[in-house]
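A.B. asks: Encoded as structure tokens, here's the structure I'll be asking about.
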Amino acid sequence: MSKWAERGSVTDQKRLPSHAVAVVGMACRLPEANNPQEFWELLRNGRDAIIDKPAARLVLEGATQEPGAANGSAGDGHGDGTPSHRGGFLKDVDAFDAAFFGIAPVEATAMDPQQRLMLELHWEALEGAAIGPDTLRGTSAGVFLGVASDDYTTLMARGAGPAASSHSATGGHRGMIANRVSYFLGLNGPSFTVDSAQSSSLVAVHLAVESLLREECSVALAGGVQLNLAHESFAALDSLGALSADGMCHTFDARANGFVRGEGGGVVVGQPPAQAREVVDC
């Protein structure tokens, strides 16, 4: 008897709707949570992951002034002098094991850290799904990613990032992030980046499910990434008055005064239920 049958699994084809998709693996990198287990503990314990922007991040982004300083405010977007550059930040976004992914150091330097993070998370998600990354080479597996910004190109444009090279075009363009993953894994299925602003990752997951149901791909890797690397993006939102003056989100509350920026990345691995059951039965 299979493990699924022993558990009375809902992956029994007779009990599943025709539009069902099995999520067989996942990975994430979020503020104060480097994997889904740590994220669950953060939520369960009600911990606050919002902090002041780390000094190391200020050095990385080459900032010479805090958001809002250019227009005479202290960077609050509301005029009361309260810093608004609080947020949820990842640690060591500049760290990357280029050799593991077979990438030359000079090329890795030109790559948007969002590309690097997505390579890491896809590998981790496949490991969690008990799918050997090499086994997908040459298959119709697809990559669907939501990405709404590319602050790294801003850093490079003003000289805070690496000098332009033959790797800059592919390394800095956010449209290449999904393609980078597909190329590394040797996938022949759909591969594209979606930018629909705040809904980018949700739309990417929707398209991944649709692709599975149409049998365009056998495995769908879906998710999104956002890294807030340039102070210009903070300044733009400050000028709009969109950032919370007290660095807190008071959703659906009379105290609501804006939002707090966060960053991170996440990937889920989806398969048709029958295929997922075959993997477990092995």
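A.B. asks: Consider ALA129 carefully, then state whether it is more than 18 Å from GLY186 (Cβ to Cβ) and either open to solvent by less than 60 Å² (accessible area, probe 1.4 Å) or at pLDDT 95 or above (or both).
C.D. replies: Numbers: more than 18 Å from GLY186 (Cβ to Cβ): no; either open to solvent by less than 60 Å² (accessible area, probe 1.4 Å) or at pLDDT 95 or above (or both): yes.
No.
Table: residues versus (1) modelled with pLDDT of 50 or more; (2) outside any loop (DSSP other than H, G, I, E, B); (3) surrounded by fewer than 17 Cβ atoms within 10 Å (Cβ to Cβ).
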| residue | (1), (2), (3) |
| --- | --- |
| ASP94 | yes, no, yes |
| ARG116 | yes, yes, no |
| LEU121 | yes, yes, no |
| GLU124 | yes, yes, no |
| THR135 | yes, yes, yes |
| GLY138 | yes, no, yes |
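A.B. asks: Condition (residue is at positive phi and open to solvent by less than 40 Å² (accessible area, probe 1.4 Å)) applied to segment 144-164: is it met by at least one residue?
C.D. replies: Looking for residues that are at positive phi and open to solvent by less than 40 Å² (accessible area, probe 1.4 Å), one finds none in segment 144-164, hence no.
A.B. asks: Let me ask something additional. So which of LEU43, LEU30, LEU58 is at pLDDT below 85 and either loosely packed, with under 15 Cβ neighbours inside 10 Å or under 23 Å from the mean Cα position of the chain (by Cα) (or both)? Outline the logic, then answer.
C.D. replies: On the way: LEU43 fails: at pLDDT below 85; LEU30 fails: at pLDDT below 85.
Result: LEU58 is the single residue among LEU43, LEU30, LEU58 that is at pLDDT below 85 and either loosely packed, with under 15 Cβ neighbours inside 10 Å or under 23 Å from the mean Cα position of the chain (by Cα) (or both).
A.B. asks: Anything in segment 252-270 that is among the aromatic types (Phe, Trp, Tyr) and at negative phi? List them, or say none.
C.D. replies: Our first condition is that a residue be among the aromatic types (Phe, Trp, Tyr); within segment 252-270, this holds for 252, 259.
The one that is among the aromatic types (Phe, Trp, Tyr) and at negative phi: PHE259.
A.B. asks: Does segment 46-55 hold any residues that are in a loop (DSSP other than H, G, I, E, B) and either hydrophobic (A, V, I, L, M, F, W, C) or at pLDDT 90 or above (or both), and which are they?
C.D. replies: Quick first cut of segment 46-55, residues in a loop (DSSP other than H, G, I, E, B) only: 46-50, 53-54.
Matches in segment 46-55: GLY46, ARG47, ASP48, ALA49, ILE50.
A.B. asks: Separate question: For segment 102-113, enumerate the residues that are touching a residue at least 24 places away in the same chain (Cβ under 8 Å), open to solvent by 20 Å² or more (accessible area, probe 1.4 Å) and part of a loop (DSSP other than H, G, I, E, B). Lay out the reasoning, then the answer.
C.D. replies: Kept after step one, since they are touching a residue at least 24 places away in the same chain (Cβ under 8 Å), are these residues of segment 102-113: 102, 106-107, 109-113.
Then keep just the ones that are open to solvent by 20 Å² or more (accessible area, probe 1.4 Å); that gives 102, 106-107, 109.
GLY102 - this is the single residue of segment 102-113 that is touching a residue at least 24 places away in the same chain (Cβ under 8 Å), open to solvent by 20 Å² or more (accessible area, probe 1.4 Å) and part of a loop (DSSP other than H, G, I, E, B).
A.B. asks: With respect to the numbered conditions (1) within 27 Å of GLY102 (Cα to Cα); (2) open to solvent by less than 50 Å² (accessible area, probe 1.4 Å); (3) touching a residue at least 40 places away in the same chain (Cβ under 8 Å), which one is the sole condition not fulfilled by GLY175?
C.D. replies: Condition (3) is where GLY175 drops out.
A.B. asks: Name the pairs whose Cβ atoms lie under 8 Å apart, with the first residue in segment 141-170 and closer than 23 Å to ALA220 by Cα and in a loop (DSSP other than H, G, I, E, B), the second among the hydroxyl-bearing types (Ser, Thr, Tyr) and open to solvent by less than 40 Å² (accessible area, probe 1.4 Å), and 6 or more positions between them or separate chains?
C.D. replies: Pairs that qualify, where the first residue is closer than 23 Å to ALA220 by Cα and in a loop (DSSP other than H, G, I, E, B) and the partner is among the hydroxyl-bearing types (Ser, Thr, Tyr) and open to solvent by less than 40 Å² (accessible area, probe 1.4 Å), are ALA141/SER218; VAL147/THR193; VAL147/SER200; ALA148/SER200; SER149/SER233.
The values are calculated or read from the model by the stated rules, or taken from the named source; none is laboratory data. Everything quoted here is computed from the prediction, not taken from an experiment. Note: ideal-geometry Cβ built from the backbone for every residue, glycine included; neighbour counts use all protein chains shown. With ligands, DNA and RNA removed, areas are computed over all heavy atoms of the protein, side chains included. Shrake-Rupley method; radii C 1.70, N 1.55, O 1.52, S 1.80 Å.
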